[in-house]
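For reference, the structure is listed below as structure tokens.
The values are calculated or read from the model by the stated rules, or taken from the named source; none is laboratory data. Only a predicted model underlies this, so the values are computations on that prediction, with no experimental measurement involved. Glycine also receives a Cβ, built like all others from the backbone with ideal geometry; neighbour counts cover every protein chain displayed. The protein model used for the area step is the full one, side chains on, heavy atoms only, and it has no ligands, DNA or RNA in it. Shrake-Rupley method; radii C 1.70, N 1.55, O 1.52, S 1.80 Å.
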Amino acid sequence: MFRLKLLTDPRWANIAEENLEEILTDHAWCEQKAATNAIGLITMVPEHTEMVTELLAIAQEELDHFNQVHEIIKKRGGVLGRTRKDDYVNDLIKFLVKGGHRDEQIIDKMLFAAMIEARSCERFKVLTENIKDEELKKFYHDLMVSEANHYTTFIGFARELGGPEKVNKRWEEWLEYEANIMKSYGNKETIHG
């Protein structure tokens, strides 16, 4: 569906499972940042009522996911922990269009969001298929479906704003760039690490 060019090695799930407290804390903060990103996109497209409505729903859903992860952490006797730097997301930011026309910047921000959702979905699938923790298997399966829907929304908005041909071409560039940076990821107990 996403056409990611470099898939996660399933052994990453072992790293994650051995460090569940760390992965859950990192995951919680990823959800908070996803909600913040959706709100940021709203400020870029206020004249697109349908997009604003959908982005509000995504922001609320991401905050609900943040709460769900926090509840799992509490139930397991842990604490949330401080926010984590997301090197993967910071690497993606470097690929965003700088300057140029406002519409191009908005389209690229939508593709940036779509890429994060696509990779998160792929990572949740790896967790679902490879960890032993039954509660987390179900949890990550449910989130995988949600992330796939978010991906579809973001890429759909980009195509609506920029046209399918132009956006598909730029998406291919995003896929190539993301595959290159993913070569250095997959060995840390973080959702994107």
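Out of curiosity, is THR8 over 14 Å from LEU136 (Cβ atoms) and modelled with pLDDT of 95 or more?
no
Mind checking which residues of region 121-151 are hydrophobic (A, V, I, L, M, F, W, C) and not in a helix (DSSP H, G or I)?
Listed by number, the list holds a single entry, ILE131.
Among the residues of region 164-177, is there at least one that is under 20 Å from ALA59 (Cβ atoms) and part of a helix (DSSP H, G or I)?
Within region 164-177 (the criterion being under 20 Å from ALA59 (Cβ atoms) and part of a helix (DSSP H, G or I)), the answer is no, since none of the residues qualifies.
Please go through region 19-31 and give me each residue that is of a type outside the set (A, V, I, L, M, F, W, C), touching a residue at least 40 places away in the same chain (Cβ under 8 Å) and either open to solvent by less than 50 Å² (accessible area, probe 1.4 Å) or over 15 Å from ILE73 (Cα atoms) (or both), ordered by number.
THR25, ASP26, HIS27
Six or more apart or on different chains, Cβ under 6 Å: which pairs go from a residue in region 133-147 that's among the aliphatic types (A, V, I, L, M) to one that's in a helix (DSSP H, G or I)? Could you list them?
LEU143/PHE124; MET144/CYS121; MET144/PHE124; MET144/LYS125
If we keep just the residues of region 73-89 that are open to solvent by 60 Å² or more (accessible area, probe 1.4 Å) and at pLDDT below 95, which is farthest from LYS166 (Cα to Cα)?
ARG82
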